[in-house]
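The values are calculated or read from the model by the stated rules, or taken from the named source; none is laboratory data. These numbers come from a predicted model, not from an experiment. Please note: Cβ atoms are built from the backbone with ideal geometry, for glycine as well, and neighbour counts cover all protein chains shown. Heavy atoms of the whole protein, side chains included, go into the accessibility calculation; ligands, DNA and RNA do not. Shrake-Rupley method; radii C 1.70, N 1.55, O 1.52, S 1.80 Å.
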Amino acid sequence: MAKFAHDVIVPDAGSQLEKKDQVAHMFDSIAYRYDFLNRFLSAGTDVGWRKKAINELRQLQPEKMLDVATGTGDMAILTYHMLQPQHITGIDISNGMLDIGRKKLVEKQLNGHIELLSGDSETINFPDHTFDAITVAFGVRNFQHLEKGLQEMLRVLKPGGKLVVLEFSRPKNVLFKGVYNLYMNFIAPGFGKMFAKNKKAYRYLNDSVQAFPERQDFINILKSAGYRDTYYKTLSLGICSIYCGSK
Ligand SMILES: C[S@@+](CC[C@H](N)C(=O)[O-])C[C@H]1O[C@@H](n2cnc3c(N)ncnc32)[C@H](O)[C@@H]1O
């Protein structure tokens, strides 16, 4: 299996736990503040990014969908409102994140349309050719084995089905880069400490974004995992990107 630089970026380098367990524990510990910090740190921009990613599926009109690394379910909920598929399943390895997501589904009366299950992207508990479309927002960077996760998602896609990945990338503009680095290195971890009592989680955010394969590099990985008709779009001066591929 191919190894990538970010596979070894972990939340706590001193821990004996493998990356997957560290990531699950980290998200369990910040789950209660996750939605607030997402909106606050991105000044609400993440909602626009999510909408753009979901729009990549509008033409396909998917009925059966999977949201991988669903966390607190924001991507699944927005997808339901925008595309009204028959059913969305969200899977995640952090039960803390899923618990918050399930409460939101009850509040929004979306239980009949979306279900959130404990599940790992690297061993997806569904048969081959199950889903019309799969979304992953800010999840692939956290996988322990990126290639395995991408191959599993391809396995459970129906032929003709589409994967949409939304993930952070790095800006290219020299002037903007300075502001971006200051924000990611100091400001975001500072707010992470203040609001979620977890500076490490937001340090890990920056470290993993810095090491993650982006733009054409990520497209090449999608292609070698077996996806066809791949393409990407950058958003907000390149700090976020949408990647698509079909089966
Ligand atoms: C940054 S959060 C993104 C949550 C949600 N998709 C969103 O857009 O807000 C990353 C999520 O990926 C999950 N995750 C990491 N590795 C995973 C894996 N192998 N399988 C499933 N979920 C995973 C984490 O538990 C966490 O909830």
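Taking θ as phi - 60°, what are the ³J(HN,Hα) couplings along segment 28-33 by the Karplus curve (6.51, -1.76, 1.60), each to the nearest whole Hz, with x for Gly and Pro?
Result, ordered by residue: 4, 6, 9, 3, 5, 10 Hz.
For a Förster distance of 30 Å, can you work out the FRET efficiency between the beta-carbons of Asn95 and Phe186, rounded to the nearest 0.05? Don't jump to the answer; show the numbers that get you there.
Values: r = 31 Å, r/R0 = 1.04.
Using R0 = 30 Å, I get an efficiency of 0.45.
Rounded, prolate or oblate for segment 101-198? Axes are the square roots of the Cα gyration tensor eigenvalues, ordered a ≥ b ≥ c, and the cut-off for rounded is a/c under 1.5. List each step's numbers first, then the result.
Numbers: a/c = 2.42, a/b = 1.50, b/c = 1.61.
Because a/c hits 1.5 or more and a/b fails to exceed b/c, segment 101-198 counts as oblate.
Which of rounded, prolate or oblate describes the chain when judged by the alpha-carbon gyration tensor and an a/c cut-off of 1.5?
Rounded, since a/c falls under 1.5.
With a 1.4 Å probe and every protein chain kept in, tell me what percent of the accessible surface of segment 39-113 is carbon plus sulfur. Show your work: numbers first, answer last.
On the way: 1680 of 3440 Å².
Roughly 49 percent of what the probe reaches on segment 39-113 is carbon or sulfur.
Any idea of the accessible area per residue across segment 1-107, 1.4 Å probe, to the nearest Å²?
Spelled out: the 1.4 Å probe surface of segment 1-107, per residue, equals 47 Å².
List the trypsin sites (Lys or Arg not before Pro) in segment 1-80 that DSSP assigns to loop (not H, G, I, E or B) and whose Cβ has at most 15 other Cβ atoms within 10 Å. Which are they?
Loop-located and lightly packed - Lys3, Arg58.
Compute the Cα gyration tensor for segment 1-127, then decide on rounded, prolate or oblate, letting a ≥ b ≥ c be the square roots of its eigenvalues: rounded whenever a/c is under 1.5, prolate when a/b is larger than b/c in the other cases, and oblate in all that remain.
prolate
Sort Val174, Val164, Val10, Val179 by accessible area with a 1.4 Å probe, largest first. Walk me through the numbers before you get to the answer.
Values: Val174 120, Val164 0, Val10 40, Val179 90 Å².
My answer, sorted largest first, is Val174, Val179, Val10, Val164.
Considering only the other residues whose Cβ falls under 14 Å of the Cβ of Gly90, what net charge follows from Lys and Arg at +1 and Asp and Glu at -1?
0
Positive end of the charge dipole of the chain (Lys, Arg +1 and Asp, Glu -1 on Cβ, about the Cα centre): tell me which of Ala69, Leu83, Leu117 has its Cα farthest that way.
Of the candidates, Leu83 comes out farthest on the positive side.
Which of the chymotrypsin sites (Phe, Trp or Tyr not before Pro) found in segment 210-240 are in a DSSP loop and have at most 15 neighbouring Cβ atoms, other than their own, within 10 Å?
none
Could you list which residues have their amide H under 5 Å from that of Leu116, counting only those 5 or more apart in sequence or on another chain, with H placed in the peptide plane?
Placed amide hydrogens put Gly90 under 5 Å from Leu116.
Looking at the chain as a GNM with Cα springs under 10 Å, which of Asn173, Asn206, Asn111 has the largest mean-square fluctuation?
Asn173
Within segment 89-112, which residues have the backbone N less than 16 Å from the label spot 7 Å out from Asp28 along Cα→beta-carbon, could you tell me?
Zone members listed by number: 92-101.
Find the relative contact order for the chain and round it to a whole percent, using C-alpha pairs within less than 8 Å whose residues are 6+ positions apart.
Working: 450 pairs, mean separation 52.4, N = 247.
Computed over the chain, the figure is 21 percent.
Sum up the charges of everything whose Cβ sits under 10 Å from the Cβ of Gly149, counting Lys and Arg as +1 and Asp and Glu as -1, but leave Gly149 out.
Working: positive: Lys148; negative: Asp120, Glu122, Glu147, Glu152.
For residues surrounding Gly149, the net value is -3.
Where in segment 121-179 are there trypsin sites (Lys or Arg not before Pro) that are in a DSSP coil and have at most 15 other Cβ atoms within 10 angstrom of their Cβ?
For trypsin sites (Lys or Arg not before Pro) across segment 121-179 that sit outside H, G, I, E and B with at most 15 neighbouring Cβ atoms in 10 Å, the list reads Lys172.
Which percent of the accessible area of segment 138-247 is formed by carbon and sulfur heavy atoms (probe 1.4 angstrom)?
Roughly 59 percent of what the probe reaches on segment 138-247 is carbon or sulfur.
In the structure displayed, which of Lys197/Lys223; Lys64/Lys177; Lys64/Lys108 lie more than 29 Å apart, Cα to Cα?
Lys197/Lys223; Lys64/Lys177
Name the residue farthest towards the positive end of the dipole of the chain from the options Leu37, Gly178, Ser208, assuming +1 on Cβ of Lys and Arg, -1 on Cβ of Asp and Glu, about the Cα centre.
Result: Gly178, furthest along the dipole toward the positive end.
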